[in-house]
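Values quoted throughout were computed directly from the atomic coordinates according to the rules given, and no laboratory measurement underlies them. Not measured: the values here are computed from a predicted model. Heads up, the Cβs are rebuilt from the backbone with ideal geometry, glycines too, and the neighbour counts pull from every protein chain shown.
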Amino acid sequence: MARRTPLNDAHRALGARMVDFAGWDMPVQYTSVIAEHEAVRNHVGLFDVSHMGEVEFTGPGALETVNALISNDLARIADGQAVYAGLLNEQGGFVDDIVAYRFSPERILICVNASNRDKDFAWMKEHARGVTPVDRGDDFAQIAVQGPKAAGLVQRLTKTDTSKIGTYRFAEGEVAGVRAIISRTGYTGEDGFELYCAPGDAAALWNALLTEGQQDGVKACGLASRDSLRTEMKYALYGNDIDDTHTALEAGLGWIVKLDKAGFIGKDALVAQKAAGVKRKLVGFELTGAGIPRHGYPIHKDGKPVGEVTSGTMGPTVKKPIGIGYVPAELAAEGSTFDVEIRGRAVPAVVVKTPFHKKP
Amino acid sequence: MSDVNIPGNLKYTNEHEWARVDGNKVVVGITHHAQSTLGDVVYVELPKVGSSIDKGEAFGTVESVKAVSELYSPVTGKVVKVNDALTTAPETLNTDAYGAGWIVEIELSDTSQLSELLDATAYGDLLKNA
């Protein structure tokens, strides 16, 4: 039996099509993927992301404990800021990609992928030296409010001055009378917030956002549009574009790896890989022939297999067949060409600058 | 349910294609239920006119933003027409699944195969029991 978020009834009442995602009964779409995608690009969309997990480190040494587990550096940010980071294995591959919130040096909250909740918590318990992690996954619901009208919508429902919450910053406050962590983060490429609240408050918050958002053209959005939005930004999806066998450098996520900070798991492997040169890279490409690239399709050069597509779709905003995939470093430069094998057909593709979607 | 739209004059397959029989030819498309399940169709791959296809064989694909679905032929025969308009307007499969969203026309090798297809009542039962 799939797990249900506190918003399950709300999704069903809206007529959502539900699917099993990582053991959770989640809305894949309500009306139309394209309409939901465009609502986020042009207006505002709401996503139930309560299936994501949370792990908390509290007490003296919390920051140092977490900093030894993640690839980014919590010492370089201030209280009230968050960082995107990897939990890496010894080889520099991903256990998961996460967001770490620094409330104070003695309180760090980590948001992890739904599909990796149990694995991550076990891994953190095993590797944490100092503060013991606490699984807070069942204590939080999470609603992502994304789109150019997200800030206006959230502001009308809170006394917190959201203009003071910059990108990757957060504050604690009340939204629609509900205690929430108001985090200016997201996975769509648009401005917006992720609101963490108690599970019992989630329905009230969701309904308040839907009602107040009417004037903004708000739409409830499912996992399908979440995926097409992030693909247009070339944001990595764990299990598709990043996993335990591809390193953070290969994934093009060197910017979340601080090789100059004190030891963290995976650092030695990445230092060595950087010195030796990265042999394969995650690139964004467009098909120049007919078709749509999809996860798992082979990438060929001159008839020989050289890589694999990790994500792909017909981008609803860019209106092109776009893909992400690993290729040898010599094929990674913008303008490089190769073929994607689609049902036995070699379809030409060209590496392009990413994100695919650029804000007007 | 908006999924229940099953014209009585058509035949159906278990894989949610419809077939409109006209003499020794059948026009084939996907059902309202199929397009609704797929979501927004963004790409259609059509067979070549003149190609031979077997009943149950995959003859093309329909792709939504999220997923790829094979099209299975309800009958054995030769492709005599394809709906090229779907190449530039694949969304027609969503807006008019039983009309302008037709996919191919097949000339039958054996008209007796038609009796193996589902009628509207049987297809309706299939959806109810799904």
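Odds and ends about this structure:
- The residue among A:347, A:42, A:160 whose Cα reaches farthest toward the positive pole of the charge dipole of the protein assembly as shown, with charges on the beta-carbon of Lys, Arg, Asp and Glu, is A:160.
- Computed from point charges on the beta carbon alone (+1 for Lys and Arg, -1 for Asp and Glu), the dipole magnitude for region A:194-311 about its Cα centre is near 540 Debye.
- Compactness index (Cα Rg / 2.2 N^0.38 Å), region A:279-360: 0.98
- Distance from region A:290-360 to region A:99-163 (C-alpha centre basis), Å: 33
- Summed side-chain charge close to residue A:156 - residues other than residue A:156 whose Cβ falls under 14 Å, Lys, Arg +1, Asp, Glu -1: -2
- Distance in nm between pseudo-label sites at residue A:58 and residue B:80 (7 Å out along the Cβ direction from Cα): 7.5
- With neighbour counts taken as other beta-carbon atoms within 10 Å, the residues A:140, A:285 rank, fewest first, as A:140, A:285.
- Formal net charge of residues neighbouring residue A:198 (Cβ-Cβ distance under 10 Å; K, R +1; D, E -1): -1
- Taking region A:256-333 and dividing mean pair separation by its residue count, relative contact order in percent (alpha carbons under 8 Å, at least six apart): 31
- Per residue, chain A reaches -5500 deg cm²/dmol at 222 nm when only DSSP H runs of four or more residues are counted, each adding -39500 (n - 2.57).
- Taking the centroid of alpha carbons for each part, region A:182-228 and region A:19-56 are 9 Å apart.
- Selection from A:296, B:108, A:245, by position along the positive dipole direction of the protein assembly as shown (Cβ): A:245
- Per-q log10 I(q)/I(0), region B:14-109, q = 0.11, 0.12, 0.24 Å⁻¹ (Debye; single scatterer per alpha-carbon; no solvent): -0.26, -0.31, -1.29
- For region A:147-250, the Cα gyration tensor yields ellipsoid semi-axes of 27, 16, 14 Å (square root of five times each eigenvalue, largest first, whole Å).
- Within a straight-line Cα-Cα reach of under 12 Å, residue A:261 can be paired with the following aspartates and glutamates, leaving aside sequence neighbours fewer than 8 residues apart in one chain: A:64, A:73.
- Under the criterion of Cα pairs below 8 Å and six or more residues apart, the relative contact order for chain A equals 18 percent.
- A dipole drawn for region A:279-360 from +1 and -1 charges on Cβ atoms has a positive end, and of A:282, A:335, A:317 the residue lying farthest that way is A:317.
- Residue B:15/residue A:3 FRET efficiency (R0 35 Å; Cβ-Cβ; nearest 0.05): 0.65
- Order of A:288, A:58 under a 10 Å beta carbon neighbour criterion, fewest first: A:288, A:58
- Note on chain A: with charges restricted to the Cβ of Lys and Arg (+1) and Asp and Glu (-1), its dipole about the Cα centre is near 840 debye.
- Relative intensity of region A:111-165 on a log10 scale, I(q)/I(0) at q = 0.14, 0.20, 0.21, 0.24 Å⁻¹, equals -0.62, -0.80, -0.82, -0.92, per a Debye sum over C-alpha point scatterers of equal strength in the absence of solvent.
- The distance between label points at residue A:244 and residue B:95 comes to 4.9 nm (points 7 Å beyond Cα on the Cα→Cβ vector).
- Calculated [θ] (222 nm, deg cm²/dmol) that DSSP helices of n ≥ 4 give over chain B, each run adding -39,500 (n - 2.57): -4500 deg cm²/dmol
- Computed over the protein assembly as shown, the P(r) tail beyond 44 angstrom holds 21 percent of alpha carbon pairs.
- Placing +1 on the Cβ of every Lys and Arg and -1 on the Cβ of every Asp and Glu, with no other charges, gives region A:53-137 a dipole of roughly 100 debye about its Cα centre.
- Exposure proxy for A:331, B:10: other Cβ atoms within 10 Å of each Cβ, ordered fewest to most, give A:331, B:10.
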